[in-house]
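Readers should treat all values here as calculations from the given coordinates under stated rules, not as data from a laboratory. If you're wondering where the values come from, they're calculated on a predicted model, not measured in any experiment. Counting neighbours? That spans all protein chains shown, and the Cβs are built from the backbone with ideal geometry, glycine included.
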Amino acid sequence: MRIAVTGWAAYTASLLYIIDSSISVQLELVYGTICMLLLLYALPKLEGVQRLVVAGLTGGAVLLFFSAGEAPPSAVSAFGTNAGIMALFLFIPAAGAYLSAAGAFSELEKWIALRSQEKSHTYRTVFLLMIGIGFILNFGAMAVIRRMALESMQQFYEQKMTIHLMRGFACCMLWSPYFVNVGLVLSLFEVSWVSFGLYGMFFGLLLAGLAALFLPGLHISKDTYHPVKDHITGKGTLLPLLRFGTVFLLTTFILYSVLDMPMLPLVAALGLLVPFIFMFFHPGKRRDFYTGRAKAASTSFERLRTELSVFIAAGVFGTALQVSGAGGAAADMLFAAGGGSILFFSVLIMVVTTAAAFIGIHPIVMIIGIGSSIQPEVLGVSDAYAAMLLLISWTCATQVSPFSGQVLMTSGLSGMKPMTIVRKNAAFVLSAAVLLFISLQAVRYVGLL
């Protein structure tokens, strides 16, 4: 019973955030209170580094609010700062659930299997699939695509393929509005996705090219080889997947262009609504789908307790930094440490974010701390540049953090230890950081960002 209450409470807070963002009815105190109660419930249940981080952020926020003389209602409302990130995390998985229930994944699997009989390009195929559907499905795409590879593809090494898949995931992190990190920088700087999204796509393509160059040198001892498979019957079709993806994407950008609504709440709302609308056209599967989503909602907070607790705590801490002025002072110190140069300042942000992630401090903590403190115009850069810098920092950090969600998922899927994955990925990430940093500076230098 308690599990269901916390899950539905998280859903309620997310829905109230979306309503407040669309019609502005001043619900911050309501969903902020819910988020605060969820955090207090979760804190004793967290373990290790994450408990220390969440407790430290929450305690630090309380002290900063107290020192700034912030009114209690405003302080409580601040706990809902990242309700939009929570909504994105909770609602977007409905897209994957629909595609699975509607048979789109099984059709895709048949389609891939038939073509792999003719000529096998498993590594290229899984990478393109990740870029093609991962930008919507997020983490869920990694497990789905890997299962397809194991069942339908041939002539590949399993662990090598899984790490390559994780690198494809990183390409989506640089631009997809359906990803938490992109949603976060949109809310931090109040910038339009259009102002940096296309550059993020370009950087994602550069990262994809780098991943292709590093693939031949990726070798893992005792890796499992999957040879040629027996002939597979059945044609398969891409139509269900393409139909859903096209409608989802077009609906997102059409509504974004005509509605006075930020991208983050819009994407979260569509992540919940579009799969439910599509399921109306599958009457024989509706009941099971709706029942499954209700169960997922009721258990959502317990399943994602650690991630959501970090999001809530980081959000309230970031707001406290702004209110108290401590964030501005910290940003000035960082800028001074970089010698007053935007180049060294940018490098410092990337290094600090990656180092913190390596020891278990989620990048959202650093990104919110930095993003809520800096004033891009004071540094002589655009909001879009600052947003892109933080996205690159987050992407690189999570690729080499043994505590990040994607590394832990890759570990669970492949059977490799997180530190093994980090070691195998270190050279790629270092090269990616250099390449993306130089590309970012080049785009800024010519005045495009």
Treating cross-link reach as a plain straight distance, find the lysines whose alpha-carbon is under 20 Å from the alpha-carbon of LYS222, omitting any fewer than eight places away in the same chain. LYS160, LYS417, LYS424
Counting each pair of different Cα atoms once, what's the Kirkwood radius of region 112-187 in Å, rounded to one decimal? 12.8 Å
So how many Å³ per residue does the convex hull of the Cα atoms of region 22-105 work out to? 133 Å³
Of all the Cα-Cα pairs you can form in region 221-370, what percent are over 22 Å apart? 68 percent
Report the charge-dipole magnitude of region 63-176 in Debye, nearest 20, computed about the Cα centre from +1 at each Lys and Arg Cβ and -1 at each Asp and Glu Cβ. 380 debye
A correct fewest-to-most ranking of ASP260, ASP332 by other Cβ atoms within 10 Å would be ASP260, ASP332
What order do you get for GLU109, GLU47 when you list them from fewest to most C-beta neighbours inside 10 Å? GLU47, GLU109
For region 222-307, compute the orientation-averaged projected area of the C-alpha convex hull (one quarter of its surface), in nm². 10.8 nm²
Trypsin sites (Lys or Arg not before Pro) lying in DSSP loop within region 217-282, provided at most 16 other Cβ fall within 10 Å: LYS222, LYS229, LYS235
proj_area_mean for the chain (convex hull on C-alpha atoms), units nm², value 21.9 nm²
How big is region 378-449 on each of its three principal axes, counting only the C-alpha atoms and giving the largest first in Å? 46, 19, 16
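Can you tell me the equivalent ellipsoid semi-axes for region 318-449? Use √(5λ) from the Cα gyration tensor, largest first, whole Å.
28, 18, 11
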For the chain, build the charge dipole from Cβ charges (+1 Lys, Arg; -1 Asp, Glu) around the Cα centre, then report which of THR162, VAL446, VAL378 sits farthest towards its positive end. THR162
If you add up the charges near GLU377, with Lys and Arg at +1 and Asp and Glu at -1, over every other residue whose beta carbon is less than 15 angstrom from its beta carbon, what do you get? -2
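At 222 nm, what value in deg cm²/dmol follows for the chain if DSSP H runs of at least 4 each add -39500 (n - 2.57) and the sum is divided by all its residues, to the nearest 500?
My calculation for the chain gives -25000 deg cm²/dmol from helical runs alone.
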Inter-part distance where region 4-58 and region 287-327 are each reduced to a Cα centre, Å: 6 Å
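About the Cα centre of the chain, what is the dipole size in debye to 20, counting +1 per Lys and Arg Cβ and -1 per Asp and Glu Cβ, all else neutral? Provide the component values of the computation, followed by the final result.
Details: 26 positive and 19 negative charges, 310 e Å.
Dipole size: approximately 1480 debye.
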Can you give the Kirkwood hydrodynamic radius of region 142-299 from its Cα pairs, in Å with one decimal? 18.9 Å
Taking neighbour counts of Cβ atoms within 10 Å as a proxy for exposure, in what order, fewest first, do TRP8, TRP193, TRP111, TRP175 appear? TRP8, TRP111, TRP175, TRP193
